[in-house]
Amino acid sequence: MINFDSEGFALESGYITVHVIDEQGIYLRKEEQYVSEGCGLAANAVLDEPKAAKQGFAVQRVSKKWQYIEDHRGEVYYDTQTKAEVTICDFGKIPENLTVLRPFNMYCEWDGEKWVLSAEKQAELKTQKLQQFISGIDDKAASIYSIWTRFEQEYTSRENAAKAFKEANYQSEPSRFIADFATKAGIDNKMAADLILVQAEGLRKLLVELANQRMRKYELKKPNLTEDEMQAIYDDIIQQMDNLAEAYQNG
């Protein structure tokens with residue numbers, strides 16, 4: 001045990017247990033230091049025990065007394081004005097402009113307690129989403145339609161030939177549209193003509209139904225729909241169009 005005089009100088013030499021602090025007075029560690037007779041402790045060392053460790057706080061020495069100071073170093077917060085992510089590097093209270101709540105998107109605003117979307121921004125985003133859905137439906141329909149009508153002139157000519165052959169009670173000379181089709185399909189001319197007419201009528205029905213599904217986009221404009229409800233309508237329209245495309249592929 002080393003004794004000190006009233007001025008803080010050691011009365012003898014030897015090792016002593018001290019508590020080390022940094023330049024801010026923050027407690028770092030306990031260690032053994034050698035003190036020479038007539039010398040004082042190192043500037044960053046004190047003899048009295050610090051306060052016990054406490055979660056969320058550091059122990060600091062101020063005016064020769066130990067106190068707690070908030071310690072959030074390394075914790076991540078978000079600026080309520082800029083939405084920027086901020087990592088705490090200093091001791092002390094969390095600034096009032098920071099929150100632990102993460103912004104849920106770039107459009108939200110801080111209302112003093114939580115992140116929210118203003119009514120104006122909600123309306124704007126909903127309008128944008130509506131337009132995306134409508135464009136998606138139109139594009140899907142256009143893609144399918146382009147496949148179905150790629151040989152429209154050929155289909156029309158073949159159907160007209162089949163109609164003429166049927167109106168002649170299947171007795172006239174069949175068009176090559178019919179004869180070639182019959183040969184390739186391994187059927188007679190009458191069956192070929194009837195099949196051509198059935199296929200033509202089937203395509204017309206598919207085109208009508210595709211148009212009906214495309215026009216369902218106006219369902220998305222119903223007032224007070226939530227985004228989830230809009231998504232459900234959109235998904236159903238796209239699924240129905242896919243079903244029509246599959247039906248076409250299956251003849």
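Assorted remarks:
- Near residue 203: Cβ cut-off under 14 Å, other residues only, Lys/Arg at +1 and Asp/Glu at -1. The net charge is -1.
- Karplus (6.51, -1.76, 1.60) ³J(HN,Hα), θ = phi - 60°, over region 233-250, in Hz, Gly and Pro reported as x: 5, 4, 4, 5, 4, 4, 5, 5, 5, 4, 5, 5, 4, 5, 4, 5, 5, 7
- Carbon plus sulfur fraction of accessible area for region 1-94, probe 1.4 Å, in percent: 49 percent
- Selected from 95, 151, 39, residue furthest toward positive end of dipole (the chain; charges at beta carbon): 151
- Accessible surface area normalised per residue over region 3-116 is 68 Å², counting heavy atoms of protein chains with a 1.4 Å rolling probe.
- For residue 65, the aspartates and glutamates whose Cα comes closer than 16 Å to its Cα, not counting residues fewer than 8 places off in the same chain, are 22, 23, 48, 49.
- Residues whose amide H lies under 5 Å from that of residue 225, counting only those 5 or more places away or on a different chain, are absent; hydrogens are built 1.01 Å from N in the peptide plane.
- Environment charge at residue 115 (Cβ cut-off 11 Å; Lys +1, Arg +1, Asp -1, Glu -1): 0
- Formal net charge of residues neighbouring residue 187 (Cβ-Cβ distance under 14 Å; K, R +1; D, E -1): -1
- Magnitude of the charge dipole for the chain, about its Cα centre and with charges confined to Cβ atoms of Lys, Arg (+1) and Asp, Glu (-1), is about 1280 debye.
- Candidate aspartates and glutamates - alpha carbon under 13 Å from residue 114, same-chain residues fewer than 8 apart omitted: 79
- When the listed pairs 166/205; 126/221; 30/51 are checked against a 18 Å cut-off, the alpha-carbon distance exceeds it for 166/205.
- Anchor residue 54: aspartates and glutamates whose Cα lies under 16 Å away (excluding residues fewer than 8 positions away in-chain): 70, 71
The values are calculated or read from the model by the stated rules, or taken from the named source; none is laboratory data. Keep in mind that what you see is a predicted model, and the values were worked out from it rather than measured. Heads up, the Cβs are rebuilt from the backbone with ideal geometry, glycines too, and the neighbour counts pull from every protein chain shown. What goes into the accessible areas is simple: the full protein's heavy atoms, side chains included, and nothing from ligands, DNA or RNA. Shrake-Rupley method; radii C 1.70, N 1.55, O 1.52, S 1.80 Å.
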